[in-house]
1. Inspect all residues belonging to the range A:15-25 and state whether any of them is within 19 Å of residue A:131 (Cα to Cα), modelled with pLDDT of 65 or more, surrounded by fewer than 18 Cβ atoms within 10 Å (Cβ to Cβ) and out of contact with any strand residue (DSSP E or B) (no Cβ under 9 Å at 6 or more places or on another chain).
2. Name the residues in the range A:173-187 that are assigned to a helix (DSSP H, G or I), over 17 Å from residue B:246 (Cα atoms) and either within 14 Å of chain B (Cβ to nearest Cβ) or modelled with pLDDT under 70 (or both), would you?
3. Just for the range A:209-224: of the residues that are facing chain B (nearest Cβ under 7 Å) and surrounded by fewer than 20 Cβ atoms within 10 Å (Cβ to Cβ), which one is farthest from residue A:240 (Cα to Cα)?
4. Residue B:277 - would you say it is part of a helix (DSSP H, G or I), modelled with pLDDT under 80, farther than 22 Å from residue B:210 by Cα and within 11 Å of another protein chain (Cβ to nearest Cβ)?
5. If we scan the range A:52-60, do we find a residue that is modelled with pLDDT of 70 or more, part of a loop (DSSP other than H, G, I, E, B) and buried (at least 17 other Cβ atoms within 10 Å of the Cβ)?
6. Is it the case, given these coordinates, that residue B:279 is in contact with a helix residue (DSSP H, G or I) (Cβ under 9 Å, 6 or more places away or on another chain) and surrounded by fewer than 21 Cβ atoms within 10 Å (Cβ to Cβ)?
7. Right, residue B:312: without any contact (Cβ under 8 Å) to a residue 40 or more places away in the chain and assigned to a helix (DSSP H, G or I) or not?
8. Evaluate the range B:353-363: report whether one residue or more is more than 13 Å from chain A (Cβ to nearest Cβ) and either over 20 Å from residue B:144 (Cα atoms) or touching a helix residue (DSSP H, G or I) at 6+ places or on another chain (Cβ under 8 Å) (or both).
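The values are calculated or read from the model by the stated rules, or taken from the named source; none is laboratory data. In this text, all values refer to a predicted model and were calculated from it rather than measured experimentally. Glycine gets a Cβ as well: all are built from the backbone with ideal geometry, and neighbour counts include every protein chain shown.
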């Protein structure tokens, strides 16, 4: 199976970089327990100290990485990939030590999602250059990313920020001079909605298939018992064999269910998240614009002050005013340039995103079918 | 008015065999009409027997008429030694009706295409239930007509021929018997059968076998029903997936669009196959189990009647002994005892015959259905595989 890499993609395929997230292990006990994953890297990139190495990371480390990257790069208009969500319910089950299928599934889901997350991060040329990413992959011991804890001070701060962001989004009405952004945002939002729907439906499919598995298993047992009590030996044998066949079918269905589940459904969830990241990107742009506008209006006000002062003839205050004006003029130009830069980056990013989408979407289809 | 294709009918009839081999009395249900809750069957008879007024005739009958016929046969003393074919179950459109209701509620959330497809599915399901109920009613009559003794029953002939409403007769019958016998059977059944001391090895074996088998087969039937229903759910889900993929691809205009289209197409085709698998399984396996659960019950009923006759016989023996001791009413007691003995022996003899032929019939029917089901499943599996492979090919070449 071959697929062409689109030419727009920066050629980091000159060098090799393979990352795998494996071996989830539970460390500790009770409510303080956590899962640790082995992150193994194989690479020919010169910026790394060696060719193959692995480290142990826990989930909050991944979140910490996202935080750092987001702080540094989101404001430049890059699409920073989002990590998988925290799940209090899922983790509690694992912590409490329930060794049932739902908690193993949860861990497996998470492991796969973390792997995909890292893949996305390193396939972004600019993010790969970031020292934090390198550190994440290489360094043996990372300082605990405390700010990712939900119940910490930093956590609360974040929640408040998120809330105020949401309010801001509603109140900022940007004069869209460039239709391209408007269109793209609309597309992205539509697509996200559709994917969410698809994800829900696939989820239902997976659940029904699991249902079918359970029922088939139960039926197989019942058939076996019926075969036992059948007095015609040939029929008895036939019935027992039917029971066996049904059993095998159940296993097959089970397999298919988990395939459907992991490949299809999870990928969809991933995409929804990714689109969220794209939207963040757009939001950043709007914020930048806002900053620019604010700076402009402040400048305007300063100019008015200057005019008034000129009129009132207060020379020393005037100088101060003039200084402030210069300062603000500089800021305005800076912000304007920032905004333009972010526009360009967002454009490039979205283009890249679309191509990645094409490429990545092909893969699960083919896999899911076989 | 839904009609039933001949092909489908022959397929459905395979649940029970040895029917309609005797050309002197041929019965079928060529037509049925569904009004609200009631189903009206058209019972068509072709006969060479002189006891009937015409060589060919049809009458309209309701489900309740079938039940009446069955009950009168059960309560006829003469047939106590025979396995009376089980009564057909009441037509049950509850499940598709409920689903149709839910579909109507959820209409707003689906695309037009999706809705039409789901509606089609439901209509097909409705039709399937309908066909099934026609079939069980038909089989009931055909078993009666092919039974050497039961086919000559006067009530049966009335059922076939009487061209006016049977509801008057039904009411009379109910008043006469008041369903008393049936209730008695249900409660005393198990206890009596297992309690009576068995003198005959054959019946001893049959008893143990039937009691055990009956519970097991009841269990299997419920489990099979659940399984086929789950299967149907999976098939339905495919419709939703296909629909959403369609709407996504409608808005997409990159190369991805073609992939999505193919993908959605594949789901569409797959679901048809899955749907067929589910319904075939339903028909061959679940229906088979359901039917024989009822049949086994009928066989148990026979055992019950015989056990009761045995109990009567033993009681009459005791009474005779007592009478002889007291030298009072001896003749009467002797008479009674002789009657009981005759009844018991007649029951045992015909019972043995019936149960043996029942066993043979059951094995043949199971074999036929299981073979057919296996063949169908293989066919569907092959279909799915070729479908999926074709899809992979087209996606690769895209």
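1. Among the residues of the range A:15-25, not one is within 19 Å of residue A:131 (Cα to Cα), modelled with pLDDT of 65 or more, surrounded by fewer than 18 Cβ atoms within 10 Å (Cβ to Cβ) and out of contact with any strand residue (DSSP E or B) (no Cβ under 9 Å at 6 or more places or on another chain), which makes the answer no.
2. A:179, A:180, A:181, A:183, A:184, A:186
3. Looking at residues that are facing chain B (nearest Cβ under 7 Å) and surrounded by fewer than 20 Cβ atoms within 10 Å (Cβ to Cβ), I get A:211.
4. Yes.
5. no
6. Working: in contact with a helix residue (DSSP H, G or I) (Cβ under 9 Å, 6 or more places away or on another chain): yes; surrounded by fewer than 21 Cβ atoms within 10 Å (Cβ to Cβ): yes.
For residue B:279, the condition - in contact with a helix residue (DSSP H, G or I) (Cβ under 9 Å, 6 or more places away or on another chain) and surrounded by fewer than 21 Cβ atoms within 10 Å (Cβ to Cβ) - is met.
7. Working: without any contact (Cβ under 8 Å) to a residue 40 or more places away in the chain: yes; assigned to a helix (DSSP H, G or I): yes.
It is true that residue B:312 is without any contact (Cβ under 8 Å) to a residue 40 or more places away in the chain and assigned to a helix (DSSP H, G or I).
8. Yes, because at least one residue in the range B:353-363 is more than 13 Å from chain A (Cβ to nearest Cβ) and either over 20 Å from residue B:144 (Cα atoms) or touching a helix residue (DSSP H, G or I) at 6+ places or on another chain (Cβ under 8 Å) (or both).
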